[in-house]
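J.: Got a structure for you, questions after.
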Number of protein chains: 2
Amino acid sequence: MLNYSTSEENYIKAIYHLQKEGTVTTNELAAELSTRPASVTDMMKKLRTKKLVHYEAYKGFRLTPEGRKLALIIIRRHRLWEFFLAEKLKFSWDEVHAVAEDLEHVSSKKLIDKLDEFLGFPRYDPHGDPIPDANGKIETSKQVCLIDLPLNKAAVVCYVSDQSTEMLELLSHKKIGIGTRLEIKKKFSFDQSLEIKLRQQSATTISGDLAKNIFVKYDE
Amino acid sequence: MLNYSTSEENYIKAIYHLQKEGTVTTNELAAELSTRPASVTDMMKKLRTKKLVHYEAYKGFRLTPEGRKLALIIIRRHRLWEFFLAEKLKFSWDEVHAVAEDLEHVSSKKLIDKLDEFLGFPRYDPHGDPIPDANGKIETSKQVCLIDLPLNKAAVVCYVSDQSTEMLELLSHKKIGIGTRLEIKKKFSFDQSLEIKLRQQSATTISGDLAKNIFVKYDE
DNA sequence: GTTTTAATTTAGATTTGCCTAAAAAAATAT
DNA sequence: ATATTTTTTTAGGCAAATCTAAATTAAAAC
């Protein structure tokens, strides 16, 4: 297994988290990593030569199978350390992430596999996110209807059941499509309408009828 | 507490290990870190501006009090991780060092103090070296006569009891002085003479009479 | 379908940590 | 005391990862 820099690993992880469905854009990634778009372009060229991302100028990027494999290794490290910090060192729920951000870059596979064993092969980290196993298998969060999505839980649109022209026109007007990340800010029981917020945009309202046809997966 | 790069930390740690008595030279440090003398000079200038080392061109370097404090923090991290790896993750004696070299650069003080507590405040790492406490206090190894030094245990000359001209002449001829690092390769019971190896030099033999007057501390 | 705006990429600079080769200083030997 | 050898420093460069500013391409608006 090759070795990657902390910076490369952070990019790969960020792409994995943003990707889900569809492609990731330069600006999205720059925002996620608190860096500049120009830096992202530079790194994408490098990761492309390392065959970790698919990338063509102006067309966004996606992880290759190898890139995804690497992402899952890093996420496995991160979540196992989070579990360790919370369970064994009694860190509080909200402190574990920052420390795990550093620990996740220590790359010994043996270390992580032995840590996993020591911890009793936990399946979820302290935030409830699933931990990939030693082979990189991760429990995929099941698809849920937008109607049933809890408040303020980040999710990604993954399927639309009614694909009529009218429906698609409405969705496109609201800038919602496969891969759109959103969360529900308010639910109105009167008509089942929802106030939702799209990532990096202001809030909008959608009807219960529309929501019933949209399916999402939990984002991470 | 300020934050230092992995590279800076490795230099500080290496100086601490080499220092013991007297000053550290450019070539010694370059050898210890598998780098080039020119790189050492570059880094010494930087660490000087950060007030971690005393350094004047051509005169070698020593840690400042702040530098020593930092060194002990890094050594504390390293040895606690070694203990964790051996004790909890069942790594074997000889595997712990390499992994701890990476883990030691994760700089959260809270992490290390909680790890210390989790491990039950161990006093020695798996190699028997003392672990500095949360305040940077470390057990100083007691002085032992060279006659009593175990085979192959690295040690540093710290005192010479007979300081006659004849004695000093002999020592200077053998290139032994305060701060000289050495280890015993063979002991001859017949006359108590010792075959010793000075760091970075070939082996030489010294008589029992000489060895009785030389005192060393264990090196780390 | 232009034009305007926004996103992305290129070009060129900066910082860190390292390198080689050459110069300078110190140590050693004659 | 001078010459030789060794050590150390300087000078100049390189690669990684970042940045700003300018140019280019794509998307949006009119």
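The values are calculated or read from the model by the stated rules, or taken from the named source; none is laboratory data. Keep in mind the model is a prediction, meaning the values are calculated, not measured. So basically every Cβ, Gly included, is an ideal-geometry build from the backbone, and we count neighbours across all protein chains shown. Each accessible area value is taken on the protein alone, full model and side chains, heavy atoms only, with ligands, DNA and RNA left out. Shrake-Rupley method; radii C 1.70, N 1.55, O 1.52, S 1.80 Å.
J.: Where does helix B:109-118 land angle-wise versus the long Cα axis of chain B, in degrees 0 to 90, nearest 10?
T.: Computed tilt is about 80 degrees.
J.: For the pair residue A:185 and residue B:144, what calculated FRET efficiency results from E = 1/(1 + (r/R0)^6), where r is the Cβ-Cβ distance and R0 = 51 Å, to the nearest 0.05?
T.: That gives a FRET efficiency of 0.10.
J.: Nearest 500 deg cm²/dmol is fine: what mean residue ellipticity at 222 nm does chain B get from its DSSP H runs of n ≥ 4 alone, each adding -39,500 (n - 2.57), divided by its residue count?
T.: It lands at -12000 deg cm²/dmol.
J.: By what distance, in whole Å, do the Cα atoms of chain B stretch along each of the three principal axes, largest value first?
T.: Principal-axis extents of the Cα atoms in chain B, largest first: 54, 43, 27 Å.
J.: When chain A is treated as a GNM, springs tying every alpha-carbon pair under 10 Å, which of A:36, A:77, A:181 comes out with the largest mean-square fluctuation?
T.: So, out of A:36, A:77, A:181, the one fluctuating most is A:36.
J.: Just want to confirm a number: the relative contact order over chain A, from Cα pairs under 8 angstrom separated by 6+ residues, in percent.
T.: Values: 314 pairs, mean separation 37.3, N = 220.
Worked out over chain A, it gives 17 percent.
J.: A further question on this structure: Taking amide H positions as placed 1.01 Å from N in the peptide plane, with prolines and chain starts having none, which residues 5 or more places from residue A:119, or on another chain, fall under 5 Å of its amide H?
T.: Under 5 Å from the amide H of residue A:119 lies no amide H from a residue far enough along the sequence or on another chain.
J.: Quick one: give the max-minus-min coordinate of the C-alpha atoms of the range A:98-220 along each principal axis, largest first, in Å.
T.: Its Cα atoms span 54, 26, 24 Å along the three principal axes.
J.: Rounded to the nearest Å, what's the spacing between the alpha carbon centres of the range B:117-174 and the range A:144-164? Just the number, please.
T.: 67 Å
J.: In sequence order, what are the phi-derived ³J(HN,Hα) couplings for the range A:174-179 according to the Karplus relation 6.51 cos²θ - 1.76 cosθ + 1.60 with θ = phi - 60°, rounded to whole Hz, with x for glycine and proline?
T.: These are the phi-based 3J(HN,Hα) values: 7, 6, 10, x, 4, x Hz.
J.: Moving on to the next point. If eta is 0.890 mPa s and T is 25 °C, what Stokes-Einstein diffusion coefficient results for the protein assembly as shown, Kirkwood Rh from Cα pairs, in µm²/s?
T.: 94 µm²/s
J.: Given label points at 7 Å from Cα along Cα→Cβ, what nm distances, shortest first, separate residue A:150 from the same residue in every other copy?
T.: 5.5
J.: Could you quote the convex hull projected area for the range A:170-214, Cα atoms only and averaged over all directions, in nm²?
T.: 3.0 nm²
J.: For chain B, which longest stretch is free of loop sites, where a loop site is one of the chymotrypsin sites (Phe, Trp or Tyr not before Pro) that DSSP puts outside H, G, I, E and B and that has at most 12 other Cβ atoms within 10 Å?
T.: By the stated rule (loop sites, at most 12 other Cβ atoms within 10 Å), B:94-187.
J.: Using a 1.4 angstrom probe on the protein heavy atoms only, could you order B:193, A:164 from most to least accessible area?
T.: Accessible-area ranking of B:193, A:164, largest first: A:164, B:193.
J.: Residue A:113 label points, 7 Å along Cα→Cβ, one per copy: pairwise distances from this copy to the rest in nm, shortest first?
T.: Between copies, matching label points for residue A:113 lie 3.7 nm apart.
J.: Put a point 7 Å out from Cα along the line to Cβ at residue A:69; what are the distances to that point in the other copies, in nm, shortest first?
T.: 4.7
J.: State the percent of C-alpha pairs, over all pairs in the range B:6-63, separated by a distance greater than 18 angstrom.
T.: More than 18 Å apart: 17 percent of the Cα pairs in the range B:6-63.
J.: Pairs B:110/B:142; A:13/A:109; B:153/B:174; B:50/B:153; A:197/A:217: which exceed 27 Å Cα-Cα?
T.: Working: B:110/B:142 31 Å; A:13/A:109 17 Å; B:153/B:174 20 Å; B:50/B:153 34 Å; A:197/A:217 16 Å.
Check vs 27 Å cut-off fails for B:110/B:142; B:50/B:153.
J.: Extending each Cα 7 Å along its Cβ direction at residue A:163 and residue B:25, get the distance between those two points in nm, one decimal.
T.: 7.7 nm
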